[in-house]
Amino acid sequence: MTDVDGAVRRLLDNTDDLLANLEQAGDDASRSVGVRLRASVVGPLQQAAGTPAAHDRADHDMPPSSEPAGPASSGSGSAVQLGDRLWELARAATELRCQQLEVPELGEAAAALQDLALGLADPSAKESRVAELAALQAGAAQQIQAVPDGPFLVTNPERLYDHLGVPIATRPLMVLCRCGESGIKPTCDGACHRIGFSTAKDPNRVPDRRDSYVGQSVTVLDNRGTCQHSGRCTDRLASVFHLGQEPFVTPSGGRLDEIVRAVRDCPSGALSYAMDTAQAREQVDYAGQREPAIEVSKDGPYRVTGGIALVDAAAPTWPATPARRGSTMRCAGAGIRRTSRSAQGCTGTSTSPTRCPTRRRRRPSSSGAAGCRR
Ligand code: SF4
Ligand code: FES
């Protein structure tokens, strides 16, 4: 057994001890912490240890948590003691994760423990604990990793906003729900494992292919496999970008500056343009000049600006190298789809028209590669 394997086992054992205490306590708050620990910590750690059968990955007999864990009297004695025990686990898991970046499940467990520990921390201790966790991750660039069949793991997020632009409190390591079923969105509460969320690519996803629409002064380039269906182009420049019509783009319908702005504003990077055969790819996402930020759109995808790296879960870099710009990623609200037809994420084909804004924008008959427009 390697040192890392041993450390994962110890973490699992310590978490199991705490779970036993919480079960003894039996109050609602302890139960809520226990549910989260089982789904978001024990399950991922078992995955990391290669022993998924040793415990249930999620507690199927327990309902999902519907709110962040509140103060628990708990079998560990008091809310303060519980917070301290969670803090020890969070610190150990974070240290471990920093040594094993290529194991996203370790990051998932560490992020959940950070969230629980900081959520229960005494206000006087909270700031120093955040600083300590940040120091453990010092030197790490902001980056987003997609955990297989799980959440997005975000390292060192600086700015996280809701759809109204209101800042959301960040942790040094966060897990953002992408199945849509979390009771504490945008944070993942482990529901993804309970429902069997799969991130496998849909074989019928929209192909990753670029189409060209030639105009007199500019050629608009569009990749349907990348589009995240924000509807910005069709909403803001309907004379050029046509919802549910062919051709999708008529460059002659707008001024050059309007088209350039539409390309820059496209949150997914699906749009680009070329003049005199030279593609102005660097203009996407305002050439990466916007502040790095993640916006949790209402019942829709995450909007990522400022060149935050999206890295392969199995091969992360540390610090992260710049990756795709202006990407947005799948549905954070509906949670109906288990797979995506888009090459990168959101398909706009949620079966919940009341929860997915993209769906409301699209023709009811539109689906799949051929019909999908926005
Ligand atoms: S993501 Fe799709 S719908 Fe949104 S602006 Fe870009 S091309 Fe248009
Ligand atoms: S609850 Fe984990 S990804 Fe949604």
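The values are calculated or read from the model by the stated rules, or taken from the named source; none is laboratory data. Small disclaimer: the values here were computed from a predicted structure and weren't measured. All Cβ positions, glycine included, derive from the backbone under ideal geometry; neighbour counts span all protein chains shown.
A compact table of results
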{"item": "Selection count, the stretch 245-268, where residues are away from ligand 1 (no atom under 12 Å from the Cβ) and either among the basic types (Lys, Arg) or in a loop (DSSP other than H, G, I, E, B) (or both)", "result": "6"}
{"item": "Those residues of the stretch 17-55 which are over 28 Å from residue 185 (Cβ atoms) and loosely packed, with under 15 Cβ neighbours inside 10 Å, in sequence order", "result": "17, 20, 24, 50, 51, 53, 54"}
{"item": "Filtered residues of the stretch 81-108 (kept if more than 16 Å from residue 172 (Cα to Cα) and part of a loop (DSSP other than H, G, I, E, B))", "result": "100, 102, 103"}
{"item": "Residue in the stretch 119-129 that is surrounded by 23 or more Cβ atoms within 10 Å (Cβ to Cβ) and more than 16 Å from residue 170 (Cβ to Cβ) present", "result": "yes"}
{"item": "Looking only at the stretch 131-156, and only at residues there that are touching a helix residue (DSSP H, G or I) at 6+ places or on another chain (Cβ under 9 Å) and in a strand (DSSP E or B), the one that is farthest from ligand 1 (Cβ to nearest atom)", "result": "155"}
{"item": "Whichever residue in the stretch 228-240 is assigned to a loop (DSSP other than H, G, I, E, B) and modelled with pLDDT under 90 and, among such residues, is surrounded by the fewest Cβ atoms within 10 Å (Cβ to Cβ)", "result": "231"}
{"item": "Subset of the stretch 101-117 [under 21 Å from residue 85 (Cβ atoms), of a type in the set (A, V, I, L, M, F, W, C) and touching a residue at least 40 places away in the same chain (Cβ under 8 Å)]", "result": "106, 109, 110, 111, 112, 113, 116"}
{"item": "Single residue of 238, 270, 262 found to be out of contact with any His (no Cβ under 9 Å at 6 or more places or on another chain), in contact (Cβ under 8 Å) with a residue 40 or more places away in the chain and on the phi < 0 side of the Ramachandran plot", "result": "270"}
{"item": "Output for the stretch 1-53, where each listed residue is β-branched (Val, Ile, Thr) and at pLDDT below 90", "result": "2, 4, 51"}
{"item": "Subset of the stretch 173-219 [acidic (Asp, Glu), modelled with pLDDT under 90 and within 16 Å of ligand 1 (Cβ to nearest atom)]", "result": "208"}
{"item": "Output for the stretch 220-242, where each listed residue is more than 9 Å from ligand 1 (Cβ to nearest atom) and more than 24 Å from residue 277 (Cβ to Cβ)", "result": "238, 239, 242"}
